[in-house]
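Structure, as structure tokens:
Each reported figure results from applying straightforward, stated rules to the coordinates on display, with no laboratory input. Quantities reported herein were computed from a predicted structural model and do not represent experimental measurements. As a convention, Cβ positions derive from the backbone with ideal geometry for all residues, glycine included, and neighbour counts pool all protein chains shown.
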Amino acid sequence: MFDIKSEAKGLVSHGVSACAGCGLELIIRNVLEILGEDTLIVIPPGCSALFCGYGNETALKIGGFQGNLENTAAYAAGIKAGLEMQGNNHTTVLAFAGDGATLDIGIQSLSGMIERGDKVLYICYDNEAYMNTGIQGSSSTPQGASTTTTPGGKVTPRKDLMQIVIAHRIPYAATASPANLADLKRKVKKAKETDGPAVLHIHTPCPTGWAFHPSKTIKISKAAVDTGAWMLYEYDNGTLKVNYKPKSLKPVGEYFKLQGRFKNISQEEVSIIQENINSRFNELLLGS
Amino acid sequence: MLRMQMQQEKHMKKQKKYRVLGPMASVFESMKTGSWRLERPKVEFSQCSKCGTCERYCPANVITIHKEKEECVQFIWDYCKGCGICANVCPKDCISMVDERGEE
Amino acid sequence: MAGYMMLDGNEAAVQAMKMAKVKVISAYPITPQSSIAEKLSDLVSDGILKAKYLRVESEHSAMSAAIGAQLTGVRAATATSSVGLALMHEVLNVASGCRVPIVMPVVNRALVSPWSLWCDHQDSMAERDSGWLQLYCENVQEVFDFVTMGYRIAEHEDVLTPIMVCLDGFFLSHSMQKVLIPEQSEVDEFIGDYIIKNTYLDPTDPMIINNLTSPDEFTEMRYQQKVGFENAAKVMDEVFLEFEEKFGRAYRAVEGYRLGDAEAVIVSMGSMSGTVKHVVNMLRSEGKKVGALKIVSFRPFRNDLVNEMLKGIKRIAVIDRTAGLGSQGTPLWHEVCNSIDKASSDVIVKNYVGGLGGRDISIETIKKVFADIMDDHSQNRSPVWIDVKENAMDIRQVYINV
């Protein structure tokens, strides 16, 4: 079907209008490298919709549908059901949505999809705010981060997607980060092979929204993992496993100071967040 | 209808236009995002260990490592946005960002 | 052999969806639609219907999943009512804009507030500009027949537009009537297997559907939909005739009843049309020259047929089961007014609001409408609330300390 106007190395075209240094762009390329052509993607409006293209042009070389903001999981479930009823049990149906489309407006349809056991690979790329509409805060915006709707810094902690999906007894769920692409790709493969719903929650540094130089995307994702601001772990058939266990986490302030969005965070808030990180990390270690 | 006709046409190997109603995209295209670039990566090839870290982390996927060539790191300049991630992740520190408009 | 069955409206809808061999069902229960969701899941669970049943968590997801499924190349089924239809609003427009020809029974029920479980047409009227075809049923046989014909109409390559088959909550959905159900082979012959005629989701032949469209093309895509509606009028007429030939029951997009020498006519939709015809017979036997016009297809609205059939009639009463708040009249009234030749200034087209939130449109109500329209000398053309109580403004009174 596709009329190839300019070739690309992978399934994603090279010149996509994602910002320079965009974490999402790196993630979607790595995800599709593992999933391959036998994939149908559902993308809601948002930064990832840039990959669906504009007009008759697309930046993706796979079939897909641009949905609405709150129903990515429902479209995907319907597509999977339609394929299955025609005897196609091999195609991966990938729902690829941001934090707003997942944790805010899309949490209901995601919950329904997981509870029903629909075999959909749901990826939440989490850039921790509504970036495409201009950096408005979401329920996944971390405490202390400034956005255009939390100008003084968000006062409440973020919603925990992993705990929510684990509460559904999902067959497979994992966090991932561009800080460790090998780990990310292994998890994509594992999720693809899961017989049932799988959720990947991927940390997605955003130079524009987090206020850092585009060259620092990887450095920042590594700092997030090293400080425990983003923890790498997976939940596989009831078993929790922490994938990155440093002897001690680095102080979270080291991650904050790399980004403009935490510029005005108070020391007191940093210590509260640090305590939360420590206790969550210990919980995970104990649970695994 | 469209699909049945197209599948028949496939075997006949000729091109014919079909009408599609509503929003859809079928042209795989790249924007020339190279025009965004303010700085461009410059590689000190003699220092490069060809480890592929820059290639792996390039969000635009425009870097290719040629182990056999002297100029072993190749960029697709049409699309490189000049973000500088390659320079930032290089373990050998052999990539620097230079002004796009300045003298190389 | 075709045979008679005692079915309520919901069962008739299920029977038609079953015989259309829907492959994916995504339904969410809501009174008075619930038995559709239940019966479809029974059929799947008993292995009678080879389909996947997605027990979705909302009507919004029901419609979304149906769109996704149908784009892969199967008939998808769902049904809803009232606030459920309202919740679908966003994605109804996706189905129509992406030209996904879903057939959906809508069991008409009032919108909230006030809370009501009962019939009126405000739910589907609120979706009259969502790009869906809309047929309204008078009885249970029509529910089966219109759903069956709905597949032929919606899926026609010149139409490719989803369709709502509207049946009045409780009045039809829960009313048992004798229905003639054809053989499966006859239905197969009539509607055939589902064939995708536009965009599709197939990994071996990929395309991206529904991405961002610029102002340079948006108008044209809406225009395509408009053409789809125009074609639907013609296709619907053809399908009605073909159905009549095959199954012996005659339907038309607009149906006249005893219009011949009629001086006053009531225009109506849905189950009340039966009552109107009954009253026409009663009044005719008293020598009054009255008739009825039933609108089967509200979308597309057949102004050509309405104009022709109402030619020469001076007193036209339009009853709507929706309030048309803030407007000069209700939606059906507007459509009828705009269908009539403006030249004949002596024609009175008067608007009646009634049957809201489950209030029965009784024989008495219809008689009142006929009496009012035949005896109308006023210049006041604002809608008449034909069955409103006199104490409307005072039905709740409380004591407060002053």
Any trypsin sites (Lys or Arg not before Pro) in the stretch C:1-71 that lie in a DSSP loop and have at most 13 other Cβ atoms within 10 Å would be C:Lys50
Which percent of Cα pairs goes in each bin when the distances of chain A are cut into 10 angstrom slices starting at zero? 7, 30, 37, 21, 5, 1
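Using the beta-carbon distance between A:Lys247 and A:Ile4 and R0 = 51 Å, what value does 1/(1 + (r/R0)^6) give for FRET efficiency, to the nearest 0.05? Walk me through the numbers before you get to the answer.
Numbers: r = 50 Å, r/R0 = 0.98.
Here the calculated transfer efficiency is 0.55.
Take the Cα pairs of the stretch C:220-319, get the Kirkwood Rh, then feed it into Stokes-Einstein at 4 °C and 1.567 mPa s and tell me D in µm²/s.
Numbers: Rh = 14.8 Å.
Result for D is 88 µm²/s.
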Order of C:Val279, C:Val398 - criterion: other Cβ atoms within 10 Å of each residue's Cβ, fewest first: C:Val398, C:Val279
Which value, in Å to one decimal place, does the Kirkwood hydrodynamic radius take for the protein assembly as shown when every pair of different Cα atoms is included? 29.2 Å
Amide H contacts under 5 Å for A:Gly64, placed H, 5+ residues apart: A:Ile41, C:Met207, C:Ile208, C:Ile209
Whole-angstrom gap from the stretch C:257-334 to the stretch C:98-116, using each part's C-alpha centre: 23 Å
Under 20 Å Cα-Cα from A:Lys263, which lysines qualify once same-chain neighbours fewer than 8 residues away are excluded? A:Lys154, A:Lys216, A:Lys219, A:Lys222, A:Lys250
For a test of the definition: using alpha carbon positions, the gyration tensor, and the 1.5 limit on a/c, classify the stretch B:43-104 as rounded, prolate or oblate. rounded
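Take the Cα radius of gyration of the stretch A:1-147 and divide it by 2.2 N^0.38 Å, with N its residue count; two decimals is plenty. It would help to have the intermediate numbers written out before the result.
Values: Rg = 15.3 Å, N = 147, 2.2 N^0.38 = 14.7 Å.
Against the empirical 2.2 N^0.38 Å value, I get 1.04 for the stretch A:1-147.
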Give a quick list of GluC sites (Glu not before Pro) in the stretch C:115-186 that DSSP marks as loop, anything other than H, G, I, E or B, with at most 12 other Cβ atoms within 10 Å. C:Glu183
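Per residue of the protein assembly as shown, what 222 nm ellipticity follows from adding -39500 (n - 2.57) for every DSSP H run with n ≥ 4, rounded to the nearest 500? Spell out each step's value before the answer.
Numbers: 24 runs with 270 residues, N = 794.
Computed mean residue ellipticity for the protein assembly as shown: -10500 deg cm²/dmol.
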Radius of gyration and Dmax for the stretch C:168-267's Cα atoms, expressed in Å? 20.6, 63
Would you compute the Debye intensity of the stretch C:3-247 from its alpha-carbon atoms alone, equal scatterers and no solvent, and pass along log10 I(q)/I(0) at q = 0.09, 0.11, 0.16 Å⁻¹ to two decimals? -0.35, -0.53, -1.16
In nanometres, what is the gap between the two model label sites at B:His66 and B:Asp78, each 7 Å from Cα along Cα-to-Cβ? 1.7 nm
If R0 = 35 Å, then A:Ser266 and A:Gln163, at their Cβ-Cβ distance, give a FRET efficiency to the nearest 0.05 of 0.85
Within chain C, what's the longest stretch lacking chymotrypsin sites (Phe, Trp or Tyr not before Pro) that sit in DSSP loops with no more than 14 other Cβ atoms inside 10 Å? C:116-398
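Is the stretch C:18-98 best put as rounded, prolate or oblate by its Cα gyration tensor, with a ≥ b ≥ c the root eigenvalues, rounded for a/c under 1.5, and otherwise prolate when a/b is larger than b/c, oblate when not? Intermediate values should be presented prior to the final figure.
On the way: a/c = 2.26, a/b = 1.22, b/c = 1.85.
Taking the square roots of the gyration eigenvalues as a ≥ b ≥ c, the stretch C:18-98 is oblate.
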What's the exposure ranking of C:Leu7, B:Leu38, going from fewest to most Cβ atoms within 10 Å? B:Leu38, C:Leu7
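Efficiency by 1/(1 + (r/R0)^6): what FRET value for C:Asn307 and C:Glu217, r their Cβ-Cβ distance, R0 = 35 Å, to the nearest 0.05?
Numbers: r = 34 Å, r/R0 = 0.98.
That gives a FRET efficiency of 0.55.
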